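Trainee: Let me begin by handing over the structure; questions about it come next.
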Amino acid sequence: MTKIAVILGSTRTGRAGEHVARWVVEQAQQRGDAEYELIDLAEVDLPQIDQPSPPARGHYADPDTQRWARTVVAYDGYVIITPEYNHSFPGVLKNALDRVYAEWNNKAAALVSYGIDGGVRAVEALRPVLSALQLAHVAPQVSLNLRTDFSGFGAEFNPGEHQSTALTATLDQLVSWSKALARTRLSATSSAH
């Protein structure tokens, strides 16, 4: 079965992303079209990149990077949950993305963002990074607004009904692309042998 990681890309204390991640995982697991698992970057706890070789070479000397590579490679697709910090996404998420390379290639990603304006600038900053990692990012996305989908500036999460519709469309395309790209990866592996 297709395996999708839901990556929580914020590590801040009291982060609104925990509410968002639970909502995404609960909605996704009801679908039955893939296995969905949460990866919380606060629990992964990757140090800043310090390996001597660029990730594109695939020589991961650092045990943290080796562990992260095994985690990333185990999935066919990813839902990346990101807040918007200063018109972009958090450094901890960039560190996690940049740490490995081939493990992301030819897979699909979907984006769920949150912030004062729905986190849309974080998504726009993420898309070129995902392209550079050869991650096919789907067009539908979920943009959660701290003014309308939360109360108490992120303390309580109550997404509008339209957000469930947006999540369904996003996951529909993510699963479809993840399955197609899994066949592509399998075909490439078969032809290499």
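Bear in mind that the values in this text are calculations on the coordinates, not laboratory data. The model shown is predicted, which means the values in this text are computed figures rather than measured ones. Backbone-built Cβ (ideal geometry, glycine too); neighbour counts: all protein chains shown.
Trainee: For the chain, what number results from the quotient of the Cα radius of gyration and 2.2 N^0.38 Å?
Mentor: Working it through for the chain, the quotient is 1.00.
Trainee: Tell me what the chain gives for mean residue ellipticity at 222 nm when only DSSP H runs of n ≥ 4 count, each as -39,500 (n - 2.57), the sum divided by the residue total, rounded to 500 deg cm²/dmol.
Mentor: Details: 6 runs with 81 residues, N = 193.
That calculation yields -13500 deg cm²/dmol at 222 nm.
Trainee: Would you please put 52-60, 19-27 in order of how densely packed they are, using the mean number of other Cβ atoms within 10 angstrom per residue and starting with the highest?
Mentor: 19-27, 52-60
Trainee: For residue 105, what residues show an amide H to amide H distance below 5 Å, using hydrogens built from the backbone and excluding near sequence neighbours?
Mentor: Answer set, sorted by chain and number: none.
Trainee: Shifting gears a bit: GNM, the chain, Cα, under 10 Å: largest mean-square fluctuation among 51, 173, 134?
Mentor: Highest fluctuation of the listed residues: 51.
Trainee: Ok, one more. Write down the percent of antiparallel bridges among all DSSP beta bridges whose residues are both part of the range 30-168, to the nearest 5.
Mentor: Antiparallel bridges: around 15 percent, rounded to the nearest 5.
Trainee: Once amide H atoms are built 1.01 Å from N in the peptide plane, which residues 5 or more positions from residue 144, or in another chain, come under 5 Å H to H?
Mentor: When sequence neighbours closer than 5 places are left aside, the close amide H contacts are 113, 114, 115.
Trainee: Using 0.36 nm times the number of residues separating residue 50 and residue 153, minus their current alpha carbon distance, what extension gain do you get? Intermediate values should be presented prior to the final figure.
Mentor: On the way: separation 103, 0.36 × 103 = 37.08 nm, distance 3.53 nm.
Using 0.36 nm per residue and subtracting the Cα-Cα distance, I get 33.5 nm.
Trainee: Just need the relative contact order of the chain here, percent rounded to a whole number, with Cα pairs under 8 Å and 6+ apart.
Mentor: Relative CO of the chain lands at 22 percent.
Trainee: Work out, step by step, the length gained on full extension between residue 186 and residue 74: first 0.36 nm times the residue separation, then minus their alpha carbon distance; give nm to one decimal.
Mentor: Extra length from residue 186 to residue 74 when fully extended: 38.9 nm.
Trainee: Report the Cα centroid-to-centroid distance between the range 114-164 and the range 55-104 in angstrom, as an integer.
Mentor: Taking the Cα centre of each part, the range 114-164 and the range 55-104 sit 19 Å apart.
Trainee: Could you tell me which helices of the chain pass both thresholds, a Cα extent of 27 Å or more along their own axis and a mean Kyte-Doolittle hydropathy of at least 1.6, with helices taken as whole DSSP H runs?
Mentor: Correct list, ordered by number: empty.
Trainee: Sort 156-169, 76-89 by packing, meaning the average of other beta carbons within 10 Å per residue, with the highest value first.
Mentor: Working: 156-169: 14.6, 76-89: 22.2.
Per-residue mean Cβ counts within 10 Å order the peptides as 76-89, 156-169.
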